[in-house]
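Since every read-out is calculated from the coordinates, none of them should be taken as a lab result. Quick caveat, the model's predicted, so the values are computed rather than measured. Note: ideal-geometry Cβ built from the backbone for every residue, glycine included; neighbour counts use all protein chains shown.
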Amino acid sequence: MTIEKDFFRQVMGQFPTGVTVVTTAATEGLSGLTVNSFTSVSLEPPLVLICVDLKSHTLPFLRTSGFFAVNFLTSEQEALSRCFATTSAERYEYFCHAPYHSAATGSPILDGVLAFIDARIVAEYPGGDHAVFLGQVEAMGTEGKVLFLPDAQRANSTLTEWEEYNSSNTHS
C-alpha cells in the first residue's frame with residue numbers, strides 16, 4: 001500500500017503536539033530548530049527522543065556536539081518558534097536574535113522558556129527521512145530553576161531542589 005506523503009502530513013497534523021526548539025552548540029557555532037517530534041522515553045535512566053530531518057541545517061551540529069537542549073516555548077514565543085522553523089539567514093547567522101544562557105552541556109537554553117531539558121546524545125537511529133536521537137537527561141529546569149542534576153554533579157552541588165521536588169510529588 002502506498003501512502004501519499006501530503007495526505008500523511010495532513011493526517012498527522014490532526015494530532016496536537018507541543019512545540020519545542022532544540023538547540024545545540026558545536027565548534028561551528030550555535031544552531032537550533034523547531035521540533036514537534038519530541039517525547040520522553042524512560043524514567044530510569046531519564047531518556048528523551050527527538051527526530052531531525054536529514055536535510056536539517058542543525059543535524060551536523062548535533063552530531064558534532066553530542067548534546068542538545070529541548071526548550072519548551074511559551075505562547076509569547078511564537079515568533080521564535082517560527083524563526084527556528086525557517087531557512088533564513090536570521091536563523092543561521094544570528095540564532096534568531098534569541099537571548100539565551102548555556103546549560104551544563106553548553107547547549108543554549110532560550111531565555112523565558114517554560115522549561116528545558118539538557119541531554120547527552122547516547123544513540124542515533126535511522127528513521128526514514130529523519131535521524132532519531134536518544135538523549136540521556138543531564139539537567140532540566142523550569143522558570144530558571146534547575147530541577148535535576150546527574151549524580152556526579154549533584155554530589156558536588158549544594159542544590160537540593162530535585163530531592164525536594166521528588167519528595168513533595170507523587171508519581172504514578
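Quick look at the values:
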{"quantity": "Separation in nanometres of the label points that stand 7 Å from Cα toward Cβ, at residue 11 and residue 102", "calculated": "4.6 nm"}
{"quantity": "The range 1-106: trypsin sites (Lys or Arg not before Pro) falling in loop per DSSP and having at most 16 other Cβ within 10 Å", "calculated": "55"}
{"quantity": "Backbone N within the range 68-93 under 17 Å of label point (7 Å from residue 114 Cα along the Cβ vector)", "calculated": "70-82"}
{"quantity": "Local net charge near residue 70, Cβ-Cβ under 14 Å (Lys/Arg +1, Asp/Glu -1)", "calculated": "-1"}
{"quantity": "Euclidean distance between Cα centres, the range 85-145 to the range 46-80, Å", "calculated": "4 Å"}
{"quantity": "Calculated FRET efficiency for the pair residue 27/residue 75, C-beta based, R₀ 30 Å, to 0.05", "calculated": "0.30"}
{"quantity": "Global form of the range 1-126, assessed from the alpha-carbon gyration tensor, a/c cut-off 1.5", "calculated": "rounded"}
{"quantity": "Net length gained if the chain between residue 54 and residue 132 were fully extended (0.36 nm per residue, minus Cα distance)", "calculated": "27.1 nm"}
